[in-house]
Structure formats: structure tokens, C-alpha cells
Amino acid sequence: MPEYDFETDYLVVGAGAMGIAFADEILHRDNQAHVTLVDRRSKPGGHWNNAYSFVTLHQPALYYGVNSEPLGRGGHDLVSKAQILGYFERVLEKLQKTGRFAFLSQSEYQGNGRVQSLVTKERSQTIRIRRRLVDATYSQVTVPSTSPPPFDVEDDVTVVPINALESLERPWSHYTVIGAGKTGLDALLFLLSQGVAPEDISWVVSQDSWLVTRESILPQNLLATFSHQLKLCSTITNTTELFHHMEQLGLFFRVDPSIEPTSYRCATVSTKELEKLRSLPHVIRKGRVKSITHQTMHLVNGDIDVAPDTLFINAAANGLAKRPARPVFEPDRITLQPITHCQPTFGAAVIAHAEWRLPGDEAKNSVTCPVPHPTVPEDLPVALHTMFYNLQCFPLSMIGSVNRMRLNAMNHVGFLDNLKLLWAYIRWHRPFFANMQKLFPLEKPKPTQATKKPENAD
Ligand SMILES: Cc1cc2nc3c(=O)[nH]c(=O)nc-3n(C[C@H](O)[C@H](O)[C@H](O)COP(=O)(O)OP(=O)(O)OC[C@H]3O[C@@H](n4cnc5c(N)ncnc54)[C@H](O)[C@@H]3O)c2cc1C
């Protein structure tokens with residue numbers, strides 16, 4: 001039997017937003033629990049540590065982070081990278097004050113309770129996990145600053161990650177942004193905000209995406225958004241119809257209304273930002289970039305001349321990948337995943353709550369069916385189906401606490417709007433579930449080959 005250096009109830013691997021949201025909720029609910037958080041990085045906040053300085057949340061900070069600590073000024077405030085990192089440091093200080101929390105920074109989890117320092121070989125610890133291992137690394141976020149370009153680049157061509165825009169040493173004559181996800185949009189909006197003329201920017205869009213209208217997820221509009229979604233999903237016959245109706249209602253955008261998007265990644269823009277994106281005259285839709293030489297950009301469906309003195313910004317990394325869903329609760333572990341549409345920290349907190357409140361993994365899994373991060377339009381109705389399924393499965397013992405969670409967007413909506421939403425739910429839930437089950441049958445993740453007893457437990 002191995003010798004243990006110390007014991008903990010929950011060994012949470014990953015001090016990103018999800019791992020911290022889990023730790024916060026379990027420590028505040030269960031006053032007996034001890035939590036150890038491990039991360040390769042020196043500071044909490046996960047991928048935000050590598051993000052560009054001008055990044056902000058793309059949804060309101062009002063319901064992002066952890067349950068016990070507010071973030072931002074409320075309303076539509078989207079906080080910056082610096083604010084997010086400061087926030088997570090503050091949260092960790094608060095958790096440390098419980099006396100039941102430890103943070104092992106610059107340490108790698110290597111399985112079987114083993115944690116190895118990345119700074120000194122001398123510091124290798126074996127931890128006895130009394131309850132569960134919590135995998136908070138499952139979302140596998142890739143940030144463009146840490147991803148090389150997925151195309152060939154000739155020596156005299158300058159390709160930089162988006163982070164380089166914050167420290168340019170001179171102005172360039174032309175900028176070409178490669179990528180149409182959240183990072184690509186941020187690069188374009190940053191250049192425009194700095195006064196670069198739209199005609200001095202080219203934008204490579206390999207796939208058009210549906211974009212969430214930021215206004216539709218502000219607290220004052222959530223009632224309308226959810227009510228429309230319930231109603232539309234009760235009657236649609238396919239995904240395209242759903243998006244087109246939502247576009248007419250102002251819930252979704254596409255940059256070019258004449259093109260049917262083939263991608264949907266939950267990127268969010270405001271109406272004003274959309275106008276700016278639409279002002280760009282050079283949008284290149286010739287598929288993915290294959291290679292760039294001094295004179296020519298080769299794309300899958302054709303070539304484009306390169307303007308002299310062009311800086312290429314590589315925003316082609318897919319920040320949040322769609323991972324296959326796996327059961328959240330398994331005998332040896334908890335795998336943190338979103339359980340509502342594009343609200344990962346809320347999911348992590350609800351999972352912690354279910355772990356504390358509900359008896360047995362079957363009951364816990366029944367309210368936490370994963371909602372993988374979307375990549376294609378079809379993922380939206382599937383996500384809505386799973387999300388409303390989870391919500392209707394909450395037992396009475398959980399409903400009150402989940403409704404009051406800071407991370408629950410509906411908690412920031414007035415009492416009357418909540419009543420109206422309940423009414424909309426009562427009115428539409430039967431046709432909603434009947435239609436969704438016919439078009440997009442609910443798929444619960446299959447148990448994996450999990451070990452039968454808790455990892456590293458006796
Ligand atoms: C640009 C951008 C904007 C976003 N805006 C919003 C928003 O407005 N609202 C919203 O709800 N969500 C938003 N998100 C998503 C959300 O913030 C998080 O990105 C998402 O929840 C993923 O966080 P995470 O904690 O799962 O992963 P990460 O942040 O990647 O954290 C995982 C951590 O695990 C560590 N790790 C991995 N393996 C090991 C190991 N073996 N040992 C030790 N440590 C390990 C890594 O070092 C990392 O720090 C945004 C994401 C991006 C990229």
C-alpha cells in the first residue's frame with residue numbers, strides 16, 4: 001500500500017473557471033469537506049492566464065465565476081482578463097480561509113493520487129483521495145497564443161497570435177485575420193477600435209457561424225429568450241428553421257444573411273459589434289488556409305494575392321472543443337462538464353451541489369446530463385433539449401438552492417419574469433419534449449470503463 005503525504009476529500013485537477021466553481025460550491029455547502037486544487041500553472045484562472053490583454057467575457061460577468069463571490073458591476077458588464085484573474089485570486093484567498101482548502105500550483109497530476117511539482121523533482125506527493133477525484137480539465141481549452149498556425153508559412157511572412165496585437169512595435173499597411181471564432185472576432189474589433197480602416201483589413205472566414213446576440217442574454221431579456229426557445233422547439237421541423245426564426249426574433253445573427261452558416265460555437269456579439277463586422281469589405285470565403293507565401297495566400301478553394309506589408313493574425317485555434325460527453329458521476333471520479341447551454345461555471349457549481357445534496361450516482365447523474373460545447377448548428381436544439389431535461393429533473397430539495405445561485409442567470413431576473421417563465425414552461429413543456437425527442441432524441445452518455453472503487457482509495 002502506498003504511503004500518503006496527506007489526505008483530502010476532493011482532489012480537483014485544474015484550477016480553471018470550472019474547477020474553482022466546483023471547489024467553491026462544495027466547500028460552502030459541506031462544512032466537513034476538504035478540497036485540494038492542483039494546476040500546472042502558477043496562478044488560478046486556467047486559460048485566462050494565456051489570453052490576450054484586451055479579451056473580455058463575452059457574456060455578462062453577473063453570472064460567471066463562482067457562486068459565493070460577485071464579479072463585475074452587474075447588468076451587461078463584461079469584465080476584462082485582468083479583472084477575471086484578480087477575481088480568481090480573491091476567490092482562492094477566500095477558500096483558503098475555510099482552513100479546508102489547499103492549492104498546489106505548478107504541479108501536475110499524474111494519476112493514482114500522485115502530484116509532481118514542475119519546479120523541483122524533490123516535491124512529489126501522493127494524496128489519499130477520501131471521496132472523489134474531480135477532473136476539471138475535460139473541456140481542453142486551446143488558446144491561440146499557445147497554438148502554432150495550422151498552415152505552412154514562408155520565412156518572410158509574419159504570422160502572429162492575437163496576443164501580439166497588444167504590443168505592436170509599428171503600424172502595418174494591412175492586417176489579415178485568419179479565423180471567424182470568438183478570437184478572430186476579437187482581433188477584428190480590436191483593430192477597428194484602434195482606428196484601422198476597414199479596407200486595410202482582410203478576414204478569412206473558412207466557415208460562417210451563427211452568432212448569439214449579446215442583448216438576448218442580458219437579464220432583462222432572458223424571459224423572452226427562453227420563452228421563444230421553448231415555443232419554437234415545440235413546433236420546428238429542422239435546425240435551419242429554428243435558427244431562421246430566432247434570427248427574425250433578434251436572438252441570433254449571421255454576418256452575411258445570404259449565407260447559411262455551417263458552424264455554431266456559442267460566440268456572442270452585440271448589435272453594434274455586428275455592424276462593425278459587416279463594414280469589412282474584404283471577407284475571404286475560400287475555405288481553410290493551406291499556406292502563405294510572400295505574394296500569395298493559398299486556400300482550399302483558391303488563391304488570394306497578399307498585399308504588401310501584411311501582418312497575419314492567426315486566430316484559427318478552436319478555443320473550446322466539443323468533447324464526447326461522459327457521465328459526470330462515476331465510481332472513481334467526477335468529470336466536470338456543462339449541464340446547460342454554454343454556461344460551464346454554472347454546470348460545475350450544480351454538479352458540486354448534486355454531489356453534496358443527492359444520494360447515489362444514479363440520482364446525481366439524472367440531473368447532470370452533459371451539454372457538450374456546440375460546434376455545428378444541430379448542437380443548439382440538442383443542447384436546449386438536454387438543458388430543459390436537466391432542469392425538469394431537479395428534485396424539490398435542489399430547486400430552491402439552484403434558483404438562488406449567483407451563477408444561475410435566471411436568479412438575476414425579477415420575480416415576475418420568473419413566474420412568467422414558469423408559466424411558459426407549463427404551457428410549452430409537453431410539445432417541447434415531444435418534438436425534441438422526435439427530432440433530436442436525448443442521448444445520455446454511456447458509462448465508461450471506470451474502476452469500481454475510488455481512485456487511490458483503500
Ligand atoms: C475567449 C473566451 C471567452 C469566454 N467567455 C465566457 C463567458 O463570457 N461566459 C462563460 O460562461 N464562459 C466563457 N468562456 C468559457 C469559460 O470561461 C471557460 O473557458 C471554460 O469553462 C473552460 O474552463 P475550464 O476551467 O474548464 O478549463 P481551463 O481554463 O483550460 O482550465 C483547466 C486547467 O487544468 C490544468 N491542467 C490540465 N491538466 C492538468 C494536470 N494533469 N495536472 C494539473 N493541472 C492540469 C491546466 O493547466 C488549466 O489551468 C470563455 C472562453 C474563452 C476561450
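The values are calculated or read from the model by the stated rules, or taken from the named source; none is laboratory data. Just so it is clear, the model here is predicted, and its values are computed rather than measured. Here the Cβ positions follow ideal geometry from the backbone for every residue, glycine too, while neighbour counts run over all protein chains shown. In case anyone asks, the SASA skips ligands and DNA or RNA and just uses the protein heavy atoms, side chains included. Shrake-Rupley method; radii C 1.70, N 1.55, O 1.52, S 1.80 Å.
Worth a mention:
- Tally, over the range 361-399, of residues that are free of Cβ contacts under 8 Å to residues at least 24 places away in the same chain and more than 22 Å from Tyr138 (Cβ to Cβ): 2
- Residue selected from the range 149-184 under the condition away from the ligand (no atom under 16 Å from the Cβ) and either open to solvent by less than 30 Å² (accessible area, probe 1.4 Å) or in the same structural domain as Pro374 (by TED's automatic domain parsing) (or both), by the criterion farthest from Val300 (Cα to Cα): Ala164
- Near pairs, Cβ below 7 angstrom, 6+ apart or cross-chain, from the range 119-135 (open to solvent by 30 Å² or more (accessible area, probe 1.4 Å)) to any residue that is at pLDDT below 95 and among the acidic types (Asp, Glu): Gln125/Asp5
- Scope the range 263-282; condition among the charged types (D, E, K, R) and touching a residue at least 60 places away in the same chain (Cβ under 8 Å); matching residues: Arg265, Glu273, Lys276
- Index of the failed condition, Arg131 passing every other in (1) more than 9 Å from the ligand (Cβ to nearest atom); (2) in a loop (DSSP other than H, G, I, E, B): (2)
Matching residues to (1) open to solvent by 20 Å² or more (accessible area, probe 1.4 Å); (2) within 16 Å of the ligand (Cβ to nearest atom); (3) within 30 Å of Glu154 (Cα to Cα):
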{"position": "Asp303", "(1), (2), (3)": "yes, no, yes"}
{"position": "Asp309", "(1), (2), (3)": "yes, no, yes"}
{"position": "Arg323", "(1), (2), (3)": "yes, yes, no"}
{"position": "Arg326", "(1), (2), (3)": "yes, yes, no"}
{"position": "Thr345", "(1), (2), (3)": "no, yes, no"}
{"position": "His353", "(1), (2), (3)": "no, no, no"}
{"position": "Trp356", "(1), (2), (3)": "yes, no, no"}
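- Any hit, the range 89-105, residues being within 11 Å of the ligand (Cβ to nearest atom) and assigned by TED's automatic domain parsing to the domain that holds Val13: yes
- For the range 34-55, a residue qualifies if it is near the ligand (Cβ under 6 Å from one of its atoms), closer than 22 Å to Gly111 by Cα and in a loop (DSSP other than H, G, I, E, B), and the qualifying residues are Asp39, Arg40, Arg41.
- Filtering the range 269-292 to residues that are more than 26 Å from Phe253 (Cβ to Cβ) and open to solvent by less than 30 Å² (accessible area, probe 1.4 Å) leaves Ser291, Ile292.
- Met246 passes every criterion in (1) outside the structural domain of Val300 (by TED's automatic domain parsing); (2) open to solvent by 20 Å² or more (accessible area, probe 1.4 Å) apart from (2).
- Selection status of Arg29, away from the ligand (no atom under 16 Å from the Cβ) and open to solvent by 10 Å² or more (accessible area, probe 1.4 Å): yes
- The one condition in (1) away from the ligand (no atom under 15 Å from the Cβ); (2) of a type outside the set (Ser, Thr, Tyr); (3) buried (at least 24 other Cβ atoms within 10 Å of the Cβ) that Ala23 fails to fulfil: (1)
- Number of positions in the range 247-277 that are over 11 Å from Leu211 (Cα atoms), of a type in the set (A, V, I, L, M) and in a helix (DSSP H, G or I): 1
- Selection of strands (runs of 3 or more DSSP E) fully inside the range 293-390 by the criterion of at least 1 residues being touching an Asp or Glu at 6+ places or on another chain (Cβ under 8 Å) and over 25 Å from Leu211 (Cβ atoms) returns 296-299, 333-335.
- Candidate set from the range 56-73 (those that are open to solvent by 10 Å² or more (accessible area, probe 1.4 Å) and among the small types (Gly, Ala, Ser)); member that is nearest to the ligand (Cβ to nearest atom): Gly72
- Qualifying residue in the range 149-172 (condition: touching a helix residue (DSSP H, G or I) at 6+ places or on another chain (Cβ under 8 Å) and among the small types (Gly, Ala, Ser)): no
- Subset of the range 100-112 [open to solvent by less than 90 Å² (accessible area, probe 1.4 Å) and over 27 Å from the mean Cα position of the chain (by Cα)]: Arg100
- Evaluating Arg40 against the criteria (1) farther than 13 Å from Val115 by Cα; (2) open to solvent by 10 Å² or more (accessible area, probe 1.4 Å) leaves one unmet condition, (1).
- Pick from the range 74-99, criterion touching a residue at least 12 places away in the same chain (Cβ under 8 Å) and open to solvent by 50 Å² or more (accessible area, probe 1.4 Å), ranking: farthest from Ala17 (Cα to Cα): His76
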